[in-house]
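I have placed the structure first, in the form of structure tokens, so that the comments after it can refer back to it.
The values are calculated or read from the model by the stated rules, or taken from the named source; none is laboratory data. This one's a predicted model, so the numbers in the text were calculated from it and none came from an experiment. Note: ideal-geometry Cβ built from the backbone for every residue, glycine included; neighbour counts use all protein chains shown. SASA here: full protein model, heavy atoms, side chains in, ligands and nucleic acids out. Shrake-Rupley method; radii C 1.70, N 1.55, O 1.52, S 1.80 Å.
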Amino acid sequence: MMGAAAAVIIALVYWIWRNSAGSKATTKVGRMVQPVKCPICQSDIFVGENLISKVFRPMNVPDQLMIVMGCPHCYPTCEPGVKRTCPVCHKEIGPDQSLTARLFNKQLGKKHVHVVGCSNCHRPRAD
Ligand SMILES: [Zn+2]
Ligand SMILES: [Zn+2]
């Protein structure tokens with residue numbers, strides 16, 4: 001049986017980036033700061049909004065498997081004009097499909113999310 005997989009923890013992963021306060025463009029910031037966008041629908045995500053995602057156990061490893069369902073703009077229902085596409089294969093993905101991502105828990109409480117693909121172009125390992 002998939003005992004370990006049964007212990008799925010549903011978590012709301014806050015898409016927090018170190019944006020400076022205020023909503024001014026951060027294009028001049030020289031570091032890796034990018035505009036905060038939903039990886040599925042490319043909607044802007046503001047601090048306080050979050051992606052709907054599931055993070056799989058264990059929680060204490062630096063590299064976790066994560067499923068991203070979407071952001072409030074595209075999940076559970078798409079807002080008008082919002083399109084859900086995979087950032088890896090650029091195909092449209094349905095409302096019941098998700099992205100597979102890896103969540104790197106760095107020290108200092110900073111999280112980094114790397115999208116691996118959608119359920120069309122990437123299949124999570126079935127242990
Ligand atoms: Zn979205
Ligand atoms: Zn894909």
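Summary table below
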{"quantity": "Verdict on Gly70 being within 15 Å of ligand 1 (Cβ to nearest atom), at positive phi, small (Gly, Ala, Ser) and touching a residue at least 12 places away in the same chain (Cβ under 8 Å)", "calculated": "yes"}
{"quantity": "Near pairs, Cβ below 7 angstrom, 6+ apart or cross-chain, from segment 84-99 (among the polar types (S, T, N, Q)) to any residue that is away from ligand 2 (no atom under 11 Å from the Cβ)", "calculated": "Ser98/Ile67; Ser98/Val68; Ser98/Met69"}
{"quantity": "Of residues in segment 38-49 being in a strand (DSSP E or B) and more than 15 Å from Cys78 (Cα to Cα), the one least open to solvent (accessible area, probe 1.4 Å)", "calculated": "Glu49"}
